[in-house]
Amino acid sequence: MMNQILEIHITDWIVLIIYFAAVLYLGVYLGNKRTKTLGDFFVAGGNWGALVSFIFVFASAIAGNEAVVVSGKAYTSGISGVWYFWGFLFATPIYYLFSTYYKRARIYNLAEFLSMRFGRPVAALYALTAGIICILFIGMFMLAIGKILAGVTGIDLWMCIWVTSIIVGAYVFSGGMMSALLTDLMQGVLCLIVLGFIFPPFLWNAAGGYEALLSAPKETWEFTSEGMPLSKVMALNFSAIAGGIAAPWIFNWISISKNEKAATQTGWGHLWKRILTLVFAFYGILFALYINKHGIELPIDPLSGKPDGEMAWGIVMKRILPGGVGLIGLLIASFFAAAMSSADTFATTSSAMFVDFFYRKVLNIGKKLKHYLYLSKFCAVLSIIIGAVSTLFITSIADYITIAMSLLSFSGIPIYFSLITKKSNKTGVWLSLMAGIISYVIILSSPYGEGELFASKDIAFVWGIFLPTFLSIIGMLIGIRFGKPDDEIITKRFHLILNTPIGDEKRLVDTGIVLPALIDNGLISEGMEEKIDILKLNQYYEIDCQDKIFNNLEIRREPSLPWYYPGFLKITFCCFALIGLTWLLRFLFI
């Protein structure tokens with residue numbers, strides 16, 4: 001038809017043009033204009049308030065992959081498909097707790113956080129591991145938006161992936177996290193309104209509404225299923241609780257905030273994401289009802305040989321949304337927004353691992369700021385390219401999740417120990433990480449199926465979560481028991497930094513501590529060498545020890561933040577309440 005291009009109506013193209021014009025203006029023009037330092041590139045300056053922090057975290061966390069994989073799993077397994085991302089539900093209060101520590105670190109990446117406590121070699125190993133995890137997630141985002149575009153336009157899946165990669169790469173190169181934040185303020189609101197409120201009524205009516213849901217099999221509303229057994233649910237939750245804090249993007253999302261309270265929006269933003277995840281599960285159930293009603297055949301996944309439920313979004317929504325009014329354009333824009341708002345932050349975080357730490361602190365020390373800034377931009381784009389290439393080998397978003405979650409799970413153990421006890425040491429961290437990595441690789445490379453070591457992929461996944469993490473904990477405990485204690489000055493310096501509230505940096509400056517955020521905020525001069533005043537370090541550390549909850553542990557009462565622990569209890573209650581209300585809600589359809 002003359003009014004269609006690539007099976008998309010001209011009005012939908014107008015919507016897309018407006019959307020991309022806004023993205024280019026915010027991401028390329030303003031992002032590049034406001035990016036002057038590494039702090040701007042990696043943590044968007046680090047001075048944003050609670051509302052901006054909330055919207056940014058919500059937008060960056062929501063991604064297109066979540067909608068696609070949760071609805072795809074719900075398409076075959078019912079409401080239990082929600083656990084692919086509800087697995088992070090109980091990590092949400094952990095994000096809230098760690099927001100204070102990560103913000104107070106006053107650095108730009110999680111590898112440097114580990115370096116402050118355990119030294120550069122350990123942090124370099126983590127940086128490489130975390131960079132790989134970021135790239136896996138980027139590939140997942142690219143695959144998600146590619147499947148949506150392929151379903152709507154009929155264009156080849158790989159072509160859709162590469163078009164998306166080029167667009168994301170353009171504005172990530174321009175301004176990194178600053179560009180991501182500026183565009184995500186728009187994209188987060190767009191995703192919430194369109195995917196959460198505008199589209200569900202169309203699908204509800206097309207699938208048959210409440211009566212259709214009542215006709216769904218009873219097992220549709222069970223929290224576990226054959227495709228999502230209890231063991232897998234437990235593994236997903238355990239992995240997120242143990243390893244969620246080791247996700248390098250969480251550190252960067254927290255660091256964009258101006259203070260501890262704004263930083264806790266990382267927790268609340270993720271909680272709202274879990275609510276929208278439930279909506280995506282209902283999308284999948286309604287997709288199944290609609291497809292069965294109309295006898296639609298989904299494309300076959302080339303690896304599994306089964307219908308690809310992750311393709312349902314584009315195929316079904318194209319059929320049910322009225323044409324010629326811009327809604328298809330809005331659908332594509334929403335998923336571009338979801339995918340790009342995550343891919344940009346993950347690419348920037350990956351660049352922080354490889355360039356800001358591994359290259360700048362280990363391989364090539366002492367270059368000028370512009371050298372590192374431009375290299376960071378190229379590395380961010382390269383991360384997107386590698387992520388796109390990975391989709392040639394991993395064709396299911398669910399597979400991306402299981403691979404990445406297994407790798408992430410044991411990585412959080414050294415971070416927990418670093419905060420909890422002064423007795424944690426380099427020996428323990430090396431034993432912990434190596435035990436986790438070796439067991440992870442063995443399990444990942446082991447065959448599964450009848451007569452093999454693991455009877456199924458799900459069983460291999462469960463073992464890949466619990467065994468490496470358990471061995472990682474054992475390695476850490478052995479190191480504490482038999483390893484050489486770390487330098488007491490380094491340990492006290494680490495805890496002094498984390499115990500110093502935002503706004504009270506004078507005592508860090510007085511102690512002679514040098515940190516990137518202190519330089520960017522003009523509290524110390526660039527190029528200043530760190531010279532620790534041991535007397536003041538001991539003095540401030542002893543003052544902080546008076547607020548310890550337990551004498552032998554480093555956890556404090558946080559007297560300057562009276563809202564901190566009550567807020568933790570509130571967000572934890574909300575997580576349990578969400579599960580409870582959902583469990584009750586299902587009785588409406590049984």
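The values are calculated or read from the model by the stated rules, or taken from the named source; none is laboratory data. Keep in mind that what you see is a predicted model, and the values were worked out from it rather than measured. Counting neighbours? That spans all protein chains shown, and the Cβs are built from the backbone with ideal geometry, glycine included. Accessible surface areas use protein heavy atoms only, side chains included; no ligands, DNA or RNA. Shrake-Rupley method; radii C 1.70, N 1.55, O 1.52, S 1.80 Å.
Laid out as a table, the results:
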{"item": "Global geometry of segment 117-242, whether rounded, prolate or oblate, following the gyration tensor of its Cα atoms and the 1.5 cut on a/c", "result": "oblate"}
{"item": "Most to least accessible of Trp249, Trp430 (protein chains only, probe 1.4 Å)", "result": "Trp430, Trp249"}
{"item": "In Å², nearest 10: area of Leu125 left accessible to a 1.4 Å probe", "result": "40 Å²"}
{"item": "Cα gyration tensor shape of segment 362-442, rounded if a/c is under 1.5, else prolate or oblate by comparing a/b with b/c", "result": "oblate"}
{"item": "Protein accessible area in segment 209-298, 1.4 Å probe - carbon and sulfur %", "result": "58 percent"}
{"item": "All lysines inside 25 Å of Lys531 as judged from Cα atoms, apart from same-chain residues fewer than 8 positions distant", "result": "Lys103, Lys361, Lys367, Lys368, Lys422, Lys423, Lys426, Lys484, Lys492, Lys506"}
{"item": "10 Å Cβ shell holding at most 12 others, DSSP loop, trypsin sites (Lys or Arg not before Pro): longest site-free stretch of the chain", "result": "1-366"}
{"item": "Cα-centred dipole magnitude for the chain, charges only on beta-carbon of K, R (+1) and D, E (-1), debye, nearest 20", "result": "1160 debye"}
{"item": "Protein-only accessible surface order, largest first, of Met142, Met234, Met186 at 1.4 Å", "result": "Met234, Met186, Met142"}
{"item": "Computed log₁₀ I(q)/I(0) - Debye formula, equal Cα scatterers, no solvent, segment 380-523, q 0.09, 0.11 Å⁻¹", "result": "-0.46, -0.64"}
{"item": "Nearest-0.05 FRET efficiency for Ile296 and Leu444, computed from C-beta distance (R0 30 Å)", "result": "0.30"}
{"item": "Of Ala333, Tyr541, Trp430, farthest towards positive along the dipole that unit charges on Lys, Arg, Asp, Glu beta carbons give the chain", "result": "Tyr541"}
{"item": "Within-12-Å neighbourhood charge of Val279 [Cβ basis; K, R +1; D, E -1]", "result": "+1"}
{"item": "Nonlocal amide H pairs with Ser257, under 5 Å, H built at 1.01 Å", "result": "Trp48"}
{"item": "Dipole-positive endmost among Tyr283, Ser257, Gly269 within segment 236-317 (Cβ charges, Cα centre)", "result": "Ser257"}
{"item": "Full-stretch length increase - Asn552, Ile489 - with 0.36 nm per residue and alpha-carbon distance subtracted", "result": "20.9 nm"}
{"item": "Ellipticity estimate at 222 nm from DSSP helix runs (n ≥ 4, -39,500 (n - 2.57)) divided over the chain, nearest 500", "result": "-22000 deg cm²/dmol"}
{"item": "Solvent-accessible area, 1.4 Å probe, carbon plus sulfur percent, for segment 437-479", "result": "75 percent"}
{"item": "Amide H within-cut-off set for Thr391, under 5 Å, with H built and near neighbours excluded", "result": "none"}
{"item": "Most to least accessible of Ser390, Ser560 (protein chains only, probe 1.4 Å)", "result": "Ser560, Ser390"}
{"item": "For the chain, alpha-carbon Rg relative to the globular expectation (2.2 N^0.38 Å, N residues)", "result": "0.96"}
